[in-house]
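Everything on this sheet refers to the single structure shown next.
The values are calculated or read from the model by the stated rules, or taken from the named source; none is laboratory data. This is a predicted model, so every value here is computed, not measured. What goes into the accessible areas is simple: the full protein's heavy atoms, side chains included, and nothing from ligands, DNA or RNA. Shrake-Rupley method; radii C 1.70, N 1.55, O 1.52, S 1.80 Å.
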Amino acid sequence: MTKLRSALFNLAFYLYIAVAVFAYMPAFLLPRRVGWPLVVLWARASLWMLRVICGVRMEVRGRENIPEGGFIVASKHQSAWETFALLTLFPDPTYVLKRELIWLPLFGWYTKKMKMIPVNRGKRSAALLALATAAREAIDENRQILIFPEGTRRPAGAEPNYKYGIVHLYRQLDCPVLPVALNSGLFWPRRTFLRYPGTITINILPPIQPGLKSDQFIAALKDPLEEASDDLVLEAAEAKNPPPRAREIAALIRERRTEQASG
């Protein structure tokens, strides 16, 4: 049944993307602020399809921690799910994404129209400069910059691998950083078409204020974010019908915590 529902959802999900790309083309003739609600509509519709077809729900905790105006959202990245789900949580977000995505026909045009921030990973110094320039413009427009500090998807419970980009943005933009923990990788694992029923939980942590030194900032981000994300995995593993590997991953997290406490 899970395979059948997953196949039906994937068919509906990608078919909707194909239809929306053409149906939303009049948005190219409109200001971004007019076209943006169409993107949010696509994200909400995708979440609805995922819930109805696959039984995957979303729970959001910590909404009260979201500040006003422009800030950086530093989210865990375990799945493709958060690439659209996070769009529904903030008033005017923009993603930091790899440059190759803007070259895709139609889809890439939308990313440019909606003022997403592309990054050329092959040129580190030039990429950081371009990233900071585009991000500053977004902050000045009171937008929210969504970035995955690890740069790519990591399995739930995996050892963290944070990149320098988030530190650079924090130092350059002088604005709050909002950590976002999640456990999406249990229900929408990477490199598989399967979508497992259950509740994906997002935990929005208190914002980190500007002014910290680089090492202080990365500790203030990484330690609470990793602990909160692991806690969500442990919580999901205790559910009546946990997703596959949830209890196995939870056991690894407990073992790692025991080693850290003793060492």
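What to note about this one:
- Gaussian network model of the chain, Cα within-10 Å springs - most flexible of VAL60, VAL119, VAL40: VAL60
- With protein chains left intact and a 1.4 Å probe, residues in region 153-263 average 50 Å² of accessible area per residue.
- Shown for the chain: lysine pairs separated by 8 or more places, or found on different chains, whose C-alpha atoms are under 27 Å apart, numbering 28.
- Relative contact order of the chain: 24 percent, from C-alpha pairs under 8 Å at least 6 residues apart in sequence.
- Share, in percent, of DSSP beta bridges within the chain that are antiparallel, nearest 5: 15 percent
- Take every pair of alpha-carbon atoms less than 8 Å apart whose residues are at least six positions apart; their mean separation over the length of region 19-174 yields a relative contact order of 28 percent.
- Among PRO155, PRO244, PRO224, the largest mean-square fluctuation in a Gaussian network model of the chain, built with springs joining Cα atoms closer than 10 Å, belongs to PRO244.
- Global form of the chain, assessed from the alpha-carbon gyration tensor, a/c cut-off 1.5: oblate
- For region 4-75, with all protein chains in place and a probe radius of 1.4 Å, 68% of the accessible heavy-atom surface sits on carbon or sulfur.
- Accessible area ranking (1.4 Å probe, heavy atoms, ligands and nucleic acids excluded), largest first, for ASP215, ASP231: ASP215, ASP231.
- Entry note, region 166-251: relative contact order of 32 percent, from Cα contacts under 8 Å with a spacing of 6+ residues.
- Region 135-250 - percent of accessible surface contributed by carbon and sulfur, probe 1.4 Å: 47 percent
- Surface per residue (accessible, 1.4 Å probe) for region 1-138, Å²: 53 Å²
- Overall form of region 1-121 per C-alpha gyration tensor (a/c, 1.5; a/b vs b/c): oblate
- GNM remark for the chain: springs join alpha carbons under 10 Å apart, and the peak mean-square fluctuation among LEU128, LEU182, LEU50 falls on LEU128.
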